[in-house]
1. Determine, yes or no, whether residue 71 is at pLDDT below 50, in contact with a helix residue (DSSP H, G or I) (Cβ under 7 Å, 6 or more places away or on another chain) and crowded, with 16+ Cβ neighbours inside 10 Å.
2. Is it the case, given these coordinates, that residue 19 is assigned to a helix (DSSP H, G or I), in contact with a helix residue (DSSP H, G or I) (Cβ under 7 Å, 6 or more places away or on another chain) and touching a residue at least 12 places away in the same chain (Cβ under 8 Å)?
3. Can you tell which of 50, 64 is under 15 Å from the mean Cα position of the chain (by Cα), under 18 Å from residue 8 (Cα atoms), surrounded by 12 or more Cβ atoms within 10 Å (Cβ to Cβ) and at pLDDT 80 or above?
4. For residue 35, state whether it is surrounded by 13 or more Cβ atoms within 10 Å (Cβ to Cβ), in a helix (DSSP H, G or I) and either modelled with pLDDT of 80 or more or on the phi > 0 side of the Ramachandran plot (or both).
């Protein structure tokens, strides 16, 4: 994977993961795999490790919120990921 493709994938996931709170929880397994697959490439960009780790943390928060039924209270519509 090139560093350019890694950046594109990472940016996409940084936008999508916070929005999953409002979407279909059945898709969570797919998105978890997408985030996890980047962990092997995280050294391609400066800050890549930090960003992938933060995404995995956000993903864990989304899953916890969905499980506890507090998803809509935890994030407001239009929330975007921080860099």
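The values are calculated or read from the model by the stated rules, or taken from the named source; none is laboratory data. This structure is a prediction, so every number in the text was calculated from the model and none was measured. Positions of Cβ are backbone-derived with ideal geometry, glycine not excepted, and every protein chain shown enters the neighbour counts.
1. It is true that residue 71 is at pLDDT below 50, in contact with a helix residue (DSSP H, G or I) (Cβ under 7 Å, 6 or more places away or on another chain) and crowded, with 16+ Cβ neighbours inside 10 Å.
2. Taking the combined requirement at face value, the residue does not satisfy it.
3. 50
4. For residue 35, the condition - surrounded by 13 or more Cβ atoms within 10 Å (Cβ to Cβ), in a helix (DSSP H, G or I) and either modelled with pLDDT of 80 or more or on the phi > 0 side of the Ramachandran plot (or both) - is met.
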